[in-house]
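Q: Sharing a structure, written as C-alpha cells. Questions coming.
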Amino acid sequence: MNSVVMKFGGTSVADADAIRRLIAIVSAQAARSGAPPVVVVSAMSKVTDQLLRMTADASRGERATISSGVDEIRRRHLAAIEALVPPPDRDAVSAEVEQQIEELRAMLTALAILREASPRSCDGIAAAGELLSSRVVAGALQAAGIRTAWVDARQAIVTDDHYTAAAPLTVETGEALKREVAPHIATGLVPVIGGYVGATRDGVATTLGRGGSDYSAAIIGAGLGVAEIQIWTDVDGMLTADPRVVRDPRVVAHLSFGEASELAYFGAKVLHPSTILPAVSTDIPVRILNSRRPEAAGTLITARPPLNDRPIVALACKRNITVV
C-alpha cells in the first residue's frame, strides 16, 4: 500500500496554529505519494494529564474541579473549531464535540458520586482526549478541502481487558482495520483516528498506556501494510543525547530497529519502545519528524542499520542506569 500512517503528538494538535501546520503537512504528503495517508492524533497537549487529574479529583468527590476542568477542555476544542471550521460545517463538528464533552461530564459526575475509580472507569475518561482531538482534526482537514473520514478508534483497535495498559489483539485488530479504515483509503478519503484508544471485544473503551498513541500508529500501519509510519513531534528526530544534559546534541539520521528500541527503552523520550514491535514484524520503516520544521530530514528507522561505521550512535539514560 502506498499510503503512510502519520501520527501527530499532543504539541502538534495543541491549538489552531498547530493544526494548521498539520493540515499543510498532510496535504503535502497526499500530493507527494498520490495516496491518502492515515492520520493518527494524540489528545491536545496536556489534556490527558488533566483528564487523569480530574479522575482522581472525582474519586474524592471534588465536583467543583470537575466542572471547571471539563469547561476548560470544552473551551480549548471549541476555540480550535471556531478558528478552523467555517459555517455551516462548524455546527456539525461543534455538536460532535459537545456530545463527547457531555459524555465526559456524565462519567466524571457518576465517579464523584461513587467515589471509586476503577481501571475501566479511568480508561473511559482518559479516552476522551483522543476522541475529541480527532474530531477537531477531521473537521479542520475537511474544511481545508481534504476529503476526510473520522474513524472511532474504539471500532478499529481491538484489545484485551487489561484496562489502562491494554494489549491489542492482532487478528481482531487486523480485521477491524480492514473493515473500518481500508475502505476509506480505497475511496480516496483521509482516515483520521485517535491514538492511545481501543476497545475490548465487547466494545468497552480501553487505553494502551502512556505513550500509546505512537503504539497505535504502528499497530495501524502494520495492520494495513503501509509504506511508512511517520511520527510527527516537536523535535527534529532522535538525538545523540538528552538536550537537557548535553548541549547541542545532533540528530541521528538513520537507526536500526534494534538501536532505536534500546534508546527508547533506556530513556529516549521521542519514541515509545512499543512502537518498534509492530514495525519490526512487518518491516515497515518508521520516520520521526518535526511538525514545526517539516523540511527537516528527521530520523529514519529501518530493519537494517546504515552501512557506515558508527562505534557510538547515541546516549540515553534512566536514573542510576547508563548505557553506551
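Q: If you go through segment 135-154 one residue at a time, do you hit one that is in contact (Cβ under 8 Å) with a residue 40 or more places away in the chain, over 28 Å from Val85 (Cα atoms) and assigned to a helix (DSSP H, G or I)?
A: No; the residues of segment 135-154 include none that is in contact (Cβ under 8 Å) with a residue 40 or more places away in the chain, over 28 Å from Val85 (Cα atoms) and assigned to a helix (DSSP H, G or I).
Q: When you go through Ser45, Ser3, Ser12, Ser27 one by one, which is the residue that is open to solvent by less than 20 Å² (accessible area, probe 1.4 Å), out of contact with any Pro (no Cβ under 7 Å at 6 or more places or on another chain) and not hydrophobic (A, V, I, L, M, F, W, C)?
A: One residue alone meets the criteria, Ser12.
Q: Give me a count of the residues in segment 33-42 that are part of a loop (DSSP other than H, G, I, E, B) and surrounded by fewer than 23 Cβ atoms within 10 Å (Cβ to Cβ).
A: Residues meeting the conditions: 2.
Q: Going by the structure shown, is Gly188 over 15 Å from Arg201 (Cβ atoms) and at pLDDT 95 or above?
A: yes
Q: Same structure again: Mind telling me which of the residues Asp214, Asp236 ends up being in contact (Cβ under 8 Å) with a residue 60 or more places away in the chain, open to solvent by 30 Å² or more (accessible area, probe 1.4 Å), under 18 Å from the mean Cα position of the chain (by Cα) and at negative phi?
A: Exactly one of Asp214, Asp236 is in contact (Cβ under 8 Å) with a residue 60 or more places away in the chain, open to solvent by 30 Å² or more (accessible area, probe 1.4 Å), under 18 Å from the mean Cα position of the chain (by Cα) and at negative phi, namely Asp236.
Q: Okay, next question. Can you tell me which residues in segment 156-176 are under 16 Å from the mean Cα position of the chain (by Cα) and in a helix (DSSP H, G or I)?
A: If the condition is that a residue be under 16 Å from the mean Cα position of the chain (by Cα) and in a helix (DSSP H, G or I), then Ala156 is the only one that fits.
Q: Moving on to the next point. Say we look at segment 269-296 and pick out the residues that are small (Gly, Ala, Ser) and touching a Leu at 6+ places or on another chain (Cβ under 9 Å); which of these is surrounded by the fewest Cβ atoms within 10 Å (Cβ to Cβ)?
A: Here the residue is Ala296.
The values are calculated or read from the model by the stated rules, or taken from the named source; none is laboratory data. Every value quoted in this text rests on a predicted model; they were computed, and no experiment measured them. Note that we place each Cβ from the backbone using ideal geometry, even for glycine, and neighbour counts take in every protein chain shown. Accessible surface is based on the protein model in full, side chains and every heavy atom, while ligands, DNA and RNA are left aside. Shrake-Rupley method; radii C 1.70, N 1.55, O 1.52, S 1.80 Å.
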